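Asks: Before anything else, here's the structure in question.
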């Protein structure tokens, strides 16, 4: 054979035999090796289809080792706030409440002079002036008493003037939902969100029968937090909180995220009005200067690292302290779910860089794919040499 024809053939054969690149796996495995997390699950959805979904490492390493699995349940920690915000907006759509009105309209405890002007929207955008948190003992006598204690807490700023990320606004929002409907908060989430979306693996207080599928977090007084929430305030409230406490699989979190990519419509049925979707996915003009948040979702605050460096500046999402994140880019029609349990057994990594890097990789792959549609669907191994 002519040597000039043989050379290209050899190149093609070598290229075909080259190892396939999975940069997300490389990032996760490096984080596991560095003991930043024992493991986790990553899911990427493009145009409503899951194009990447893998589990890495272990969900538990002590007192026994349990490999991570794709459908494993993780403590969502602060991702719970997104479900609370969505519920409030659904109640707003049904005229059960008006987010522009003062909280005191519905909760007399907020009629105090310093809190009478706090609106429901300010609770959900962290502009209420409430402190970040108050001591856990304020949550040990039930939700109503907890909100009464929150209403008595000194403000750290005038409502509407500053952004301060606070769990207290979402604890209050959960009680508000109960008061305007007469139903328990967890039952409302099931009725309005979990059941319509088919979220069968999203729940508070998972039963002991599910423990082998649940990734534990850290320890409290030497006791492993396994199937119980990371947040001590949520544990004090019996495991149900508007700010934290939900457990879910990556697939369920993705299905929830698709609600916002699909303009509030699921299976041909509108669950959330277009106006409410826009209020949750567009930066609110009520925010203090320099802070970009919507109702529930973050755009560009100190917690927006999970956006990475490629997703659009108008993309949005949320993070959770356990190592969880959901990030959504409407322009790329893409969402990324990362579920980790970084604190489990002497694991101290913050995972900020990992979540940023994974989002960046996913965005690069999707951007490449959209520019080269003839290549077909993205494979499970992200076989694009983008680095």
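Asks: Checking residue 256 against (1) part of a helix (DSSP H, G or I); (2) more than 22 Å from residue 324 (Cα to Cα), which test does it fail?
Replies: (2)
Asks: Those residues that are modelled with pLDDT of 90 or more, more than 10 Å from residue 44 (Cβ to Cβ) and in a helix (DSSP H, G or I), I need them from the stretch 337-374; list them, please.
Replies: Listed by number, the residues that qualify are 352, 353, 354, 355, 356, 357, 360, 364.
Asks: Please enumerate the residues belonging to the stretch 17-53 that are under 19 Å from residue 353 (Cα atoms), buried (at least 19 other Cβ atoms within 10 Å of the Cβ) and touching a strand residue (DSSP E or B) at 6+ places or on another chain (Cβ under 7 Å).
Replies: 24, 28, 32, 37, 38, 39, 40, 41, 42, 43, 44
Asks: Would you call residue 68 closer than 18 Å to residue 31 by Cβ and either modelled with pLDDT of 95 or more or buried (at least 19 other Cβ atoms within 10 Å of the Cβ) (or both)?
Replies: Values: closer than 18 Å to residue 31 by Cβ: yes; either modelled with pLDDT of 95 or more or buried (at least 19 other Cβ atoms within 10 Å of the Cβ) (or both): yes.
Yes, satisfied.
Asks: Having 2 or more residues that are in contact (Cβ under 8 Å) with a residue 24 or more places away in the chain is the bar; report the strands (runs of 3 or more DSSP E) wholly within the stretch 263-336 that clear it. Step through it out loud before you land on a result.
Replies: Details: elements: 298-300, 316-320, 324-329.
In the stretch 263-336, the matching strands (runs of 3 or more DSSP E) lie at 316-320, 324-329.
Asks: Is it fair to say residue 58 is touching a residue at least 12 places away in the same chain (Cβ under 8 Å) and either in a helix (DSSP H, G or I) or under 15 Å from residue 250 (Cα atoms) (or both)? Give the derivation first.
Replies: Numbers: touching a residue at least 12 places away in the same chain (Cβ under 8 Å): yes; either in a helix (DSSP H, G or I) or under 15 Å from residue 250 (Cα atoms) (or both): no.
Against the criterion (touching a residue at least 12 places away in the same chain (Cβ under 8 Å) and either in a helix (DSSP H, G or I) or under 15 Å from residue 250 (Cα atoms) (or both)), residue 58 does not qualify.
Asks: Can you name the condition, by its number, that residue 95 falls short on among (1) modelled with pLDDT of 95 or more; (2) surrounded by 14 or more Cβ atoms within 10 Å (Cβ to Cβ)?
Replies: (2)
Asks: Restricting to the stretch 150-175, give me the number of residues that are more than 18 Å from residue 105 (Cα to Cα) and surrounded by fewer than 22 Cβ atoms within 10 Å (Cβ to Cβ).
Replies: Counting residues in the stretch 150-175 that are more than 18 Å from residue 105 (Cα to Cα) and surrounded by fewer than 22 Cβ atoms within 10 Å (Cβ to Cβ) gives 11.
Asks: Could you identify the single residue in 82, 155, 91, 87 that is in contact (Cβ under 8 Å) with a residue 12 or more places away in the chain and either farther than 30 Å from residue 207 by Cβ or part of a loop (DSSP other than H, G, I, E, B) (or both)?
Replies: Numbers: 82 fails: either farther than 30 Å from residue 207 by Cβ or part of a loop (DSSP other than H, G, I, E, B) (or both); 91 fails: either farther than 30 Å from residue 207 by Cβ or part of a loop (DSSP other than H, G, I, E, B) (or both); 87 fails: either farther than 30 Å from residue 207 by Cβ or part of a loop (DSSP other than H, G, I, E, B) (or both).
Of 82, 155, 91, 87, the one residue that is in contact (Cβ under 8 Å) with a residue 12 or more places away in the chain and either farther than 30 Å from residue 207 by Cβ or part of a loop (DSSP other than H, G, I, E, B) (or both) is 155.
Asks: Tell me which of these residue 178 doesn't satisfy, since it passes every other one: (1) under 30 Å from residue 269 (Cα atoms); (2) in contact (Cβ under 8 Å) with a residue 60 or more places away in the chain; (3) buried (at least 16 other Cβ atoms within 10 Å of the Cβ).
Replies: Status for residue 178: all satisfied but (2).
Asks: I want to confirm something. Restricting to the stretch 260-286 and keeping residues that are closer than 17 Å to residue 126 by Cβ and touching a strand residue (DSSP E or B) at 6+ places or on another chain (Cβ under 6 Å), which single residue is modelled with the highest pLDDT? Break it down into steps so the answer makes sense when it comes.
Replies: Narrowing the stretch 260-286 to residues closer than 17 Å to residue 126 by Cβ: 279-286.
Then keep just the ones that are touching a strand residue (DSSP E or B) at 6+ places or on another chain (Cβ under 6 Å); that gives 281, 283.
Details: 281: 97, 283: 91.
Across the stretch 260-286, the extreme among qualifying residues is 281.
Asks: Which condition does residue 327 not pass, out of (1) farther than 16 Å from residue 75 by Cα; (2) at pLDDT 90 or above; (3) surrounded by fewer than 24 Cβ atoms within 10 Å (Cβ to Cβ), if it passes all the others?
Replies: So the condition that residue 327 fails would be (3).
The values are calculated or read from the model by the stated rules, or taken from the named source; none is laboratory data. As the structure is a computational prediction, the values presented were derived from the model and not from experiment. Reconstructed Cβ throughout: ideal geometry from the backbone, glycine too, with neighbour counts over all protein chains shown.
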